[in-house]
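Since the structure comes first, as structure tokens, the remarks are kept for the end.
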Amino acid sequence: MLKVGLTGGIGSGKSEVSRRLSDRGAMVIDADKIAREVVEPGTEGLARVAAVFGSGVLRQDGALDREKLGSIVFADSEKLASLNAIVHPLVGARVAELQSRAAEDAVVVYDVPLLAENKLAPMYDVVIVVDASDEVRLARLTGLRGMSEQDARARIAAQAGREERLAIADIVIPNEGSLEDLDARVDEVWAELSGRA
């Protein structure tokens, strides 16, 4: 089994790369998706988040109000650390469960937004960084996701800088061009990963 850590700053296009690797045969374990699952209504994770941050982070239907929680934690590093202390162990347990189901010769891609920040690179055989400039990422967040510029800048600032991410990369996928450019680079990367597996 080849364990691949895939990361990139918010707005870099990491999810596009993750989808493309999945289409080519990788088993993708998406940490963000799992992080959402572990705080769904009725879970221990959501109960703990509400206990720490108050019922104001819940919507009328009892689900987590991600925007409200995000505006709280991305403006305060201690509150972000408190949230991570709740969510990360739950995500880790679910990831271990999924990993145990992978075939021995699988290419398992762990889609991990905060891989650099949490110093997780040593856990993987290969680390892939999807890279785009802060300016390109800001334009994507405000244009495609509809974030305010202030919120987008706060989220970018809450993550590792480009240099910190690139320093842990075994493979870099630049993503400032077209989707065709991205596809071509992912094809090259998939060939390399398949060869290693």
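The values are calculated or read from the model by the stated rules, or taken from the named source; none is laboratory data. Only a predicted model underlies this, so the values are computations on that prediction, with no experimental measurement involved. Backbone-built Cβ (ideal geometry, glycine too); neighbour counts: all protein chains shown. Heavy atoms of the whole protein, side chains included, go into the accessibility calculation; ligands, DNA and RNA do not. Shrake-Rupley method; radii C 1.70, N 1.55, O 1.52, S 1.80 Å.
Of all residues in region 1-43, those being over 14 Å from VAL130 (Cβ atoms), at pLDDT 95 or above and not hydrophobic (A, V, I, L, M, F, W, C) number 10. Within region 85-110, restricting attention to residues that are touching a residue at least 24 places away in the same chain (Cβ under 8 Å) and either touching a Phe, Trp or Tyr at 6+ places or on another chain (Cβ under 6 Å) or within 21 Å of LEU69 (Cβ to Cβ) (or both), the residue that is surrounded by the most Cβ atoms within 10 Å (Cβ to Cβ) is VAL91. Answer yes or no as to whether THR7 is among the hydroxyl-bearing types (Ser, Thr, Tyr), closer than 21 Å to ARG165 by Cα and either open to solvent by 60 Å² or more (accessible area, probe 1.4 Å) or out of contact with any Lys or Arg (no Cβ under 6 Å at 6 or more places or on another chain) (or both). Spelling it out, THR7 is indeed among the hydroxyl-bearing types (Ser, Thr, Tyr), closer than 21 Å to ARG165 by Cα and either open to solvent by 60 Å² or more (accessible area, probe 1.4 Å) or out of contact with any Lys or Arg (no Cβ under 6 Å at 6 or more places or on another chain) (or both).
I'm trying to understand the selection: among the residues of region 1-28, which are among the charged types (D, E, K, R) and over 20 Å from GLY146 (Cα atoms)? Quick ask: steps written out before the conclusion?
Restricting attention to region 1-28, the residues satisfying the condition of being among the charged types (D, E, K, R) are 3, 14, 16, 19-20, 23-24.
Matches in region 1-28: LYS3, ARG19, ARG20, ASP23, ARG24.
Is it the case that region 45-60 has a residue that's open to solvent by 40 Å² or more (accessible area, probe 1.4 Å) and either within 12 Å of the chain's Cα centre (by Cα) or acidic (Asp, Glu) (or both)? No, region 45-60 has no match at all. Where residues in region 157-178 are among the hydrophobic types (A, V, I, L, M, F, W, C) and within 11 Å of VAL127 (Cβ to Cβ), which of them is least open to solvent (accessible area, probe 1.4 Å)? Ranking the candidates gives ILE171 first.
Identify, please: which residue in region 111-123 is on the phi < 0 side of the Ramachandran plot and free of Cβ contacts under 8 Å to residues at least 40 places away in the same chain and is, among those, surrounded by the fewest Cβ atoms within 10 Å (Cβ to Cβ)? I'd like the intermediate steps shown before the answer.
The first filter runs over region 111-123 and keeps only residues on the phi < 0 side of the Ramachandran plot, leaving 111-118, 120-123.
Checking the rest, the ones that are also free of Cβ contacts under 8 Å to residues at least 40 places away in the same chain come to 118, 122.
On the way: ASN118: 14, PRO122: 8.
Filtering region 111-123 for residues that are on the phi < 0 side of the Ramachandran plot and free of Cβ contacts under 8 Å to residues at least 40 places away in the same chain, the one surrounded by the fewest Cβ atoms within 10 Å (Cβ to Cβ) comes out as PRO122.
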